[in-house]
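The values are calculated or read from the model by the stated rules, or taken from the named source; none is laboratory data. This is a predicted model, so every value here is computed, not measured. All Cβ positions, even for glycine, are placed from backbone atoms using ideal geometry, and neighbour counts span all protein chains on display. We work out accessible area using only protein heavy atoms, side chains counted, and drop any ligands, DNA or RNA first. Shrake-Rupley method; radii C 1.70, N 1.55, O 1.52, S 1.80 Å.
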Amino acid sequence: MARYAYVDGRYVPHCEGVVGIEDRGFQFADGIYEVASIIGGAMVDGPGHLDRMERSLAALDIAPPVSRRVLELIMRELIARNAVVDGFLYLQITRGVAPRDHKYPTGIRPTLVLSTKRVDFLNQAKLAEGVKAITIPDIRWARCDIKTISLLPNCMGKTRAAAAGAYEALQVDAAGYITEGTSSNAWIVTQDNRLLTRALSSDILRGVTRDRLIGIAAEEGIAVVEEAFSVEAAKAAREAFVTSATSFLTPVVQIDDRVIADGAPGPLSRRLQGWYLDYCAGLRARA
Ligand code: PMP
């Protein structure tokens, strides 16, 4: 079956989608992106992803290329054309194509690209077994709250993690506190059973999964404390996990050389993961 992408107003075969060589996304990483999971043919937390997309665009003074309503229609059409039941949707908006010049040009049209990929999410071994993580210095810029396509430090970190046989690299600020993973938010359960994740600031991306999990935890009567934790605290934690749209809640069972607790996903992580997956399954049932 043909796989389509949406590129600047047209649905094209995925492998034929192209943008100009002077696209500012290509030349300056001058653009933003979103990744949302698709469960049962529908986007998980679509409004949350679109809200964040609008915040990222506003931070970079890029006008939305189409209205939110039209974007929702394009997303739905692409998911249907590609017959995606479970998978993810990728969206990228760059400032557009212009002769190379650092300062923002005026009067150009943003580039809008969307694609999808089918993935059998729920059968990922890492959800049940957990993953290893390493720690690395956070060498990114001071606006990590903007979801820009400028991801080179994240790619470097993820590659280091993979070379060490780990899934994620937890980035550490100058004071020794974990900011977030290279593509996920980080959480721990302390020895005195406090569920911690770093507070929102320009040091981290506001994860849509993070937001959803805070809401689910509250409904279940579990308080989330938005507070930074150190590498030492993470290594001494009862439980650790990371969250993202495509990895849901993934338990972390080892950080660097330190096995967390008994090396198996912890009880609170498993309960939270179960509630989150139930929430996703509910979306599937309604789709
Ligand atoms: N932090 C970073 C740096 C990320 O790349 C991601 C994934 N987009 C997240 C956190 C988690 O965000 P979300 O839950 O919206 O996928």
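Odds and ends about this structure:
- Spin-label model, residue 12 to residue 141: label points 7 Å out along the Cα-to-beta-carbon direction sit 2.7 nm apart.
- Of the three principal axes defined by the Cα atoms of the stretch 79-186, the extents in descending order read 49, 44, 22 Å.
- At R0 = 25 Å, FRET efficiency that the Cβ-Cβ distance of residue 262 and residue 232 yields, to 0.05: 0.85
- Magnitude of the charge dipole, the chain, Cβ model with Lys/Arg +1 and Asp/Glu -1, debye to 20: 640
- Counting lysine pairs in the chain whose alpha carbons fall under 18 angstrom apart, excluding pairs fewer than 8 residues apart on the same chain, gives 4.
- Spread over its residues, the convex hull of the C-alpha atoms of the chain is 135 Å³ per residue.
- The chain, helix-only ellipticity at 222 nm - DSSP H runs n ≥ 4, -39,500 (n - 2.57), divided by all residues, nearest 500: -9000 deg cm²/dmol
- R0 of 45 Å, Cβ-Cβ distance residue 122-residue 69: FRET efficiency to nearest 0.05: 0.90
- For the stretch 4-119, the fraction of 1.4 Å probe accessible surface lying on carbon and sulfur atoms is 57 percent.
- The peptide list 138-144, 111-117, put in order of mean Cβ contacts within 10 Å with the highest first, becomes 111-117, 138-144.
- Once the 1.4 Å probe is applied to the protein heavy atoms, the chain comes out at 47 Å² accessible per residue.
- Each 5 Å bin from 0 upward holds the following percent of the Cα-Cα pairs of the stretch 4-119: 2, 12, 23, 23, 19, 13, 6, 2, 0.
- The GluC sites (Glu not before Pro) of the stretch 118-224 that DSSP puts in a loop, and whose beta carbon has at most 10 other beta carbons within 10 Å, are 220.
- For the stretch 125-286, the Cα-based Rg and Dmax, in that order, read 14.7, 46 Å.
- Counting only protein heavy atoms and a probe of 1.4 Å, the accessible surface of the stretch 125-286 is 53% carbon and sulfur.
- In the stretch 190-287, the C-alpha radius of gyration followed by the widest Cα-Cα span (Dmax) gives 13.7, 43 angstrom.
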